[in-house]
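Below: one structure, written as structure tokens.
Just so you know, all these numbers are worked out from the coordinates, no wet-lab data involved. The shown structure was predicted, so the numbers you read here are calculated from the model rather than taken from an experiment. FYI the Cβ positions are ideal-geometry reconstructions off the backbone, even for glycines, and counts take in every protein chain you see.
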Amino acid sequence: MPAPKMIFAVLLSLATSVASAAVPSNTEASNTKPSTSEQSINDTYIQLAAAVYEDSLIAARELQSSVGTLLKKPSEKSLAKARAAWRKARVPYQQSETFRFANPEIDEWEGKLNSWPLDEGLIDYVADDYFHEMGNLGAQLNIIANPVLKIGGQEIDARNITPELIESLHEFAGSESNVASGYHAIEFLLWGQDLNGTAAGAGERPYTDFAVGENCTHGHCQRRRDYLQAATTLLVKDLEDMSARWQKGGDLHAKYINLSPEQVMTNIVFSIGSLSLGELAGERMKVALEANSTEDEHDCFSDNTHYSHYYNTLGMQNLFMGQYQRINGDRVGGPSLAGIAKAKAPQAFERLRLAMNDSVAKTNALVQAAEFSQPPMKFDQMIAEGNSRGKALIVDAVNALVEQTAALEALAKEIDVDHSGALAF
Amino acid sequence: MPSRFKAADFLKRSCVIAGFIAVLSACQSDPPSPEHGALSRNTPITAPQTMGGALTAPGPIRLTPQLSPAERLEHSLGASFFHKPWVSAPSTTTDRDGLGPLFNAHSCESCHRKLGRGSVPTRSTRESSGLLFRLYGNGAMGSQLQTRSLPGMDAEAQIDIRRENVALVREFSDGLRIELFAPRYTVSEGQSDASLSPRLAPPLIGVGLLNAIADDDLRAYADPDDRNGDGISGRYLLIQQRPGRFGWKGEQADLRTQVAKAFHEDIGISSSVFPLDNPPHCEMPSCVTIDNKRTDISNAGLDAVSGYLSLLTVPQARLSESAEDVQRGWNLFTRAGCSACHRVNLTTTTHQRALLSEQIIHPFSDLLLHDMGQHLADSADDPLAREWRTAPLWGLGSNGGPYLHDGRANTLLEAVLWHGGEAEAAVQQVLTFNSGERAALLEFLAAL
């Protein structure tokens with residue numbers, strides 16, 4: 001992952017002056033209550049993180065139940081429902097992502113859930129025509145087809161595909177891209193490879209890949225079923241853990257109770273800066289565009305990348321503004337960095353506020369093009385060589401995020417929040 | 001090698017003068033004029049701390065904050081190819097596939113952790129680490145042992161590591177004895193006929209600056225036959241007519257080739273520089289069928305990674321902290337003759353990138369190879385076995401150990417005491433240091 005996982009947490013010499021400043025209230029974009037003491041920026045941080053991870057858990061449980069239905073009765077319809085549940089599960093999770101950059105505890109954990117790129121050929125079959133190129137090797141690659149895995153001189157007993165097995169395979173043989181679990185593993189199982197390149201269409205795995213008995217397509221259906229079930233179970237378990245860590249008694253809850261407000265501000269700046277520039281604008285958009293890779297995109301099997309980017313962006317705005325709308329519609333929030341910024345450096349604040357609005361608007365334009373234009377243009381089509389409209393949409397979003405980063409750095413400087421970490425990739 | 005250490009010669013060569021300010025301003029000519037040899041012991045270091053010129057910055061190694069967000073964005077491709085794992089072909093992420101079939105790791109990052117130094121495995125190469133083995137001789141396995149492979153095929157070998165034998169005991173004049181443990185390697189799986197040269201991933205500090213040192217400067221520093229009789233030779237390998245400077249043995253002369261080599265040998269990623277997908281030793285029936293027509297990483301990709309690495313920050317020295325001890329350590333460092341090899345001042349040539357151009361830098365290395373004695377040798381008979389490139393010492397304090405080419409030294413003191421060969425005289429000086437002096441020297445090193 002390009003984002004460095006460490007915060008260069010140097011405390012600010014002017015921290016005390018920050019603390020003693022009169023702290024203002026509302027930001028225009030939020031309905032949050034006026035803050036009375038700066039300490040409560042910690043509370044807001046905890047509240048937002050707890051809510052967004054709990055939402056991720058709730059949505060993952062819904063995915064788990066849809067997967068249960070799919071496996072009980074594989075059909076066109078039950079597969080479509082499971083896919084829809086997966087998409088919904090991404091909504092809160094992508095908004096949570098901004099939290100990981102300033103928190104090595106989360107960053108380490110999240111590898112199991114959201115690692116990318118995923119070595120899909122290690123999990124299940126990939127397109128036949130590739131096998132010619134691969135010779136004998138191709139057939140031996142994947143876990144679903146092979147009860148005994150031979151990797152780098154190690155033999156792994158994979159007869160029973162359980163959550164424990166999948167967890168133990170995470171980064172197996174000491175290799176960090178040997179990712180066997182998480183959202184993208186499940187995504188690959190639900191959609192299959194997207195063989196359409198930069199043309200329209202996502203993965204087209206038939207529901208019969210999960211059929212029992214004679215209807216089974218592509219072989220090893222029972223193992224594929226086991227895999228999907230195990231990976232979903234593991235996802236739920238991992239989210240249960242993270243969600244609990246933000247509740248009272250959890251380590252991350254305690255961490256943020258004890259951090260100084262200045263450090264919380266530093267973390268917010270670091271998080272937003274890292275996700276904004278290095279990860280989202282850079283890794284996930286510019287690299288995809290520049291490499292002109294057929295599908296160097298984040299949610300590549302499902303063609304859900306536009307939403308993924310949009311919710312990432314929204315997550316950053318949430319954190320800055322100290323607000324979050326839960327999946328049930330409830331709003332949570334409180335005193336925010338935005339509030340402090342507005343009082344101390346109104347102009348710099350205004351620049352950032354507008355920049356964030358613009359980023360949300362420009363990533364929303366990706367969503368509009370992908371979902372609602374006629375014909376829809378998905379992210380993988382936008383990055384295709386020669387697609388000038390697609391390219392312009394992405395470049396706009398990238399530029400908005402660059403401006404957002406510049407505005408953030410300018411603001412941080414002005415209100416004496418250490419932002420050196422945010423400069424890193 | 002002369003039997004006696006002559007401090008004056010070292011001082012002359014290494015341009016040691018009163019503190020770093022003077023180092024910066026007056027020590028750029030080479031060779032320095034003799035007056036610069038006068039070492040004033042009491043001048044405090046008022047610390048320019050600009051180890052890597054304009055790229056110097058406190059904090060972790062990262063893309064330089066000198067660049068604006070828009071400029072930093074230009075380096076996303078390089079950063080991505082360095083940090084993100086590569087996957088096996090075929091993959092939906094076509095631009096990142098091509099891994100293997102034999103390799104050492106999935107990404108550059110997995111050895112150069114956070115752009116810093118790699119770790120050594122505690123027991124065997126089955127663990128993920130930053131240690132790899134290069135091979136002497138033209139054996140079936142090529143020039144590097146690949147300890148990973150795609151599923152369904154065998155890796156070349158696994159190596160077990162033990163560190164139970166005392167190889168060397170160093171004794172200080174005040175009676176302190178330090179036992180030094182050498183790692184022993186045994187092939188535990190597969191086979192290897194060639195002799196092994198273990199190498200630990202070095203921190204990627206200032207590689208763009210080192211790349212911008214003029215070839216002629218290195219030629220001028222070299223003294224292969226020790227004409228000046230100071231006991232220090234200094235050679236380089238000629239790599240396509242250019243002096244080598246990268247890697248523990250200076251086996252690559254320019255950064256882009258070093259990067260291409262890393263992709264090829266370490267990850268199994270082919271490029272225009274090293275076009276064969278499989279190392280030539282791949283004999284398994286499965287790998288001969290792999291299509292070699294396509295290169296896995298483009299020229300633009302190589303440029304992007306080299307460009308990214310070139311503009312990483314160089315950790316700022318902390319030479320003003322507890323200045324007195326550090327100052328004393330600096331004096332001891334030069335007095336012992338360390339800077340004969342750990343050259344303090346280098347200047348980069350003109351470069352199209354201002355951040356790399358004509359920068360006065362303090363890598364504490366002459367980038368040359370030196371005979372470091374039998375204990376550090378990695379093979380019985382190879383002529384290169386005793387020769388190692390002077391390890392740059394910048395960033396020493398902010399990156400942690402383990403030290404030396406195979407990570408055998410857990411502490412800075414151990415690293416120093418392992419020095420032998422041309423550096424034996426310097427070590428003998430260090431062995432006369434009392435505990436206060438030892439502490440001061442180590443404090444100085446840790447402040448770099």
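Return the Rg/Rh value of the stretch B:172-244, two decimal places, where both radii are evaluated on C-alpha atoms and Rh is the Kirkwood radius.
Here Rg/Rh amounts to 1.11.
Amide H of B:Ala57: which non-local residues (sequence gap of 5 or more, or other chain) have their own amide H closer than 5 Å, using H built in the peptide plane?
Result for B:Ala57 returns B:Val314, B:Gln316.
Averaging the inverse of every distinct alpha carbon separation and then flipping it gives the Kirkwood radius. What is it for the stretch B:373-419, in angstrom units?
11.5
In this model, which of A:Lys88/A:Lys378; A:Lys150/A:Lys237; A:Lys88/A:Lys237 are farther than 21 Å apart at the alpha-carbon?
A:Lys150/A:Lys237
Using DSSP to call loops (not H, G, I, E or B), can you name the trypsin sites (Lys or Arg not before Pro) in the stretch B:316-369 whose Cβ has at most 15 other Cβ atoms within 10 angstrom?
B:Arg353
Starting from the Cα of B:Ser379, move 7 Å in the Cα-to-Cβ direction to define the label point; list residues of the stretch B:402-418 whose amide nitrogen is under 18 Å from there.
Residues passing the 18 Å test: B:405-406.
Which order do A:Met321, A:Met356 fall in if you start with the one that has the fewest other Cβ atoms within 10 Å?
Placing the least packed residue first, the sequence is A:Met321, A:Met356.
Could you put B:Ser80, A:Ser40 in order, starting from the residue whose Cβ has the fewest other Cβ atoms within 10 Å?
Least crowded to most crowded, the residues run A:Ser40, B:Ser80.
Hey, how many Å between the Cα centroid of the stretch B:382-448 and the Cα centroid of the stretch A:58-75?
Result: 60 Å between the Cα centres.
Which order do B:Leu67, B:Leu431 fall in if you start with the one that has the fewest other Cβ atoms within 10 Å?
B:Leu67, B:Leu431
Which distance in Å, rounded to a whole number, links the C-alpha centroids of the stretch B:108-179 and the stretch A:224-289?
The stretch B:108-179 and the stretch A:224-289 have Cα centres separated by 34 Å.
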